[in-house]
Each structure stands twice: as C-alpha cells, then as structure tokens.
Amino acid sequence: MNDILISVIIPVYNAEEYIARALESVLNQTYEKLDIIVVDDGSDDNSLDICKRYAACDKRIKLLHKQNGGQASARTYGIKRACGDYITFLDADDYIDVETYANIIKKTDIRMPDVICLLYTSPSPRDVEES
C-alpha cells in the first residue's frame, strides 16, 4: 500500500503568520508519497514569498497562484491539478501530526475506501497548558 499517492491541497490567503507551520507539518510526515498543492489565492502579504521558499526546497510542492476567489475556489483550483489517489485539504492556519498520513495509509491497508473522514478537535485549555 505504500504506492498510494496522497494529494494535499492547501489554500492560502494572507496566512504569513501560519503557513510555515502548516507546510512544515506536511513536509515532516513519516509517509512521504505526497503531492502537495499550495494555492495562493491572491495574498497581499508575504504568504506567496514564504510558499516560494518552501517550494524551492521540496519538489513535492506545486505552487499555484490565482486571483482571490475564496477558499472553495482555491480548493477547486487545486483539485483540478491533483494527481493523488486520495485528496486531502489542510487550511493554511492549521497543522497536522507527523503520523497523520501514515495512519491513513494503515487504515486503507485492508480495502480502498472511497472516502476517509478525519475529525479533529481543538485541544482543551488544559492540554495546551500541559504541552
């Protein structure tokens, strides 16, 4: 099952404070067969420059730029360019655990489901204080 390609679509709009953390969380995945599609949705801050630096360092990143049309528009733009067996989305201000995609692959080992839903909950204030 390690031949499964996962497309990760990250719509970006004015996320200069967060995008590095989001990209790092994807680039540091233990499962590395990723098609990372970053869609700059007309940012007018430094988001695009940050994304360009990451794209220059990792060939898995496809950096796309479009006029601002909103998150749904950016996701659709990315979907049209995705080539993975599965498509996932990550918001520019979010991040994921380094084992996220490896765990997805383990779950698909038995059969190839059409849809996989991941539900994340925000950490409680207590969890944040303890970390």
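Within the stretch 64-72, identify whether any single residue is at pLDDT 95 or above and touching a Cys at 6+ places or on another chain (Cβ under 8 Å), and answer yes or no.
No; the residues of the stretch 64-72 include none that is at pLDDT 95 or above and touching a Cys at 6+ places or on another chain (Cβ under 8 Å).
Being open to solvent by 30 Å² or more (accessible area, probe 1.4 Å), more than 23 Å from residue 106 (Cα to Cα), part of a loop (DSSP other than H, G, I, E, B) and of a type in the set (D, E, K, R) narrows it down to one of 45, 3, so name that one. Spell out how you get there, then give the answer.
Numbers: 3 fails: more than 23 Å from residue 106 (Cα to Cα).
Going through 45, 3 in turn, the sole match is 45.
Can you pull out every residue in the stretch 48-71 that is open to solvent by 20 Å² or more (accessible area, probe 1.4 Å) and not in a helix (DSSP H, G or I)?
Correct list: 58, 59, 60, 62, 63, 64, 65, 66, 67, 68, 69, 70.
Hey, can you tell me all the residues within the stretch 73-90 that are of a type outside the set (A, V, I, L, M, F, W, C), within 15 Å of residue 38 (Cβ to Cβ), under 13 Å from the mean Cα position of the chain (by Cα) and outside any loop (DSSP other than H, G, I, E, B)?
Residues satisfying the conditions are 75, 78, 88.
Can you tell me which residue is farthest from the chain's Cα centre (by Cα) among those in the stretch 91-131 that are modelled with pLDDT under 90 and β-branched (Val, Ile, Thr)? Show your work before the answer.
Initially, the stretch 91-131 is screened for residues modelled with pLDDT under 90, giving 103-131.
The next check asks that each one be β-branched (Val, Ile, Thr); those that pass are 104-105, 108, 110, 115-116, 121, 128.
Values: 104: 14, 105: 16, 108: 19, 110: 25, 115: 17, 116: 15, 121: 17, 128: 23 Å.
Out of the qualifying residues, it is 110.
The values are calculated or read from the model by the stated rules, or taken from the named source; none is laboratory data. The structure presented is a predicted model; accordingly, all values stated were derived computationally and were not measured. Glycine also receives a Cβ, built like all others from the backbone with ideal geometry; neighbour counts cover every protein chain displayed. What goes into the accessible areas is simple: the full protein's heavy atoms, side chains included, and nothing from ligands, DNA or RNA. Shrake-Rupley method; radii C 1.70, N 1.55, O 1.52, S 1.80 Å.
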